[in-house]
Amino acid sequence: MDLTQEEWVSELENDNNAVILDVRTLAEVEQGIIPNAIHIDIYMGQGFVNELNKLDKTKNYYVYCRSGNRSRQACYLMDQMGFNNAYNLKGGIIDWNGEISSI
């Protein structure tokens, strides 16, 4: 499900079962990451799927990338894998107005 930044932040703030997932490349993450996000690079192919399989499928995942395209793909894949909820940040980190931290 695609959420605007306002919806994404609002849902996240009221969700005690939330996990933020960054699916960008390591080079992109080194430029800054949303605080408390876990990083799994979608370009790892099968490695990405393997890492997703280690996650708790009952959590609610707030997924983002640079522009929203890769995170949309990740959310679709997560839905197919049986995750309860995966929310895509429309516009990605490019449109993000919130806090960014360095790794």
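Per-residue answers, yes or no, for (1) over 14 Å from Arg66 (Cα atoms); (2) open to solvent by 60 Å² or more (accessible area, probe 1.4 Å); (3) over 12 Å from the mean Cα position of the chain (by Cα):
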{"residue": "Glu6", "(1), (2), (3)": "yes, yes, yes"}
{"residue": "Glu11", "(1), (2), (3)": "yes, yes, yes"}
{"residue": "Asn16", "(1), (2), (3)": "yes, yes, yes"}
{"residue": "Val23", "(1), (2), (3)": "no, no, no"}
{"residue": "Ala27", "(1), (2), (3)": "no, yes, yes"}
{"residue": "Gly32", "(1), (2), (3)": "no, no, yes"}
{"residue": "Asn36", "(1), (2), (3)": "yes, yes, no"}
{"residue": "Ile42", "(1), (2), (3)": "no, no, no"}
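Residues in region 52-92 that are β-branched (Val, Ile, Thr) and either without any contact (Cβ under 8 Å) to a residue 12 or more places away in the chain or open to solvent by 30 Å² or more (accessible area, probe 1.4 Å) (or both): 1 in all. Evaluation of Phe48 against the conditions (1) within 21 Å of Gly82 (Cβ to Cβ); (2) open to solvent by 60 Å² or more (accessible area, probe 1.4 Å); (3) among the hydrophobic types (A, V, I, L, M, F, W, C) shows that the sole unmet condition is (2).
Out of curiosity, is Lys90 in contact with a Gly (Cβ under 8 Å, 6 or more places away or on another chain) and of a type in the set (D, E, K, R)? Answer is yes for this residue.
Please work out if Leu52 is at pLDDT 95 or above and assigned to a helix (DSSP H, G or I). Explain how you work it out, then say what you get.
Working: at pLDDT 95 or above: yes; assigned to a helix (DSSP H, G or I): yes.
So Leu52 passes the test.
How many of the residues in region 65-103 are part of a loop (DSSP other than H, G, I, E, B) and more than 17 Å from Ile33 (Cα to Cα)? Adding up the residues that qualify gives 4.
The values are calculated or read from the model by the stated rules, or taken from the named source; none is laboratory data. In this text the structure is predicted, and so the values were computed from the model without any measurement. Glycine also receives a Cβ, built like all others from the backbone with ideal geometry; neighbour counts cover every protein chain displayed. These area figures cover heavy atoms from the full protein model, side chains too; ligands, DNA and RNA do not enter into them. Shrake-Rupley method; radii C 1.70, N 1.55, O 1.52, S 1.80 Å.
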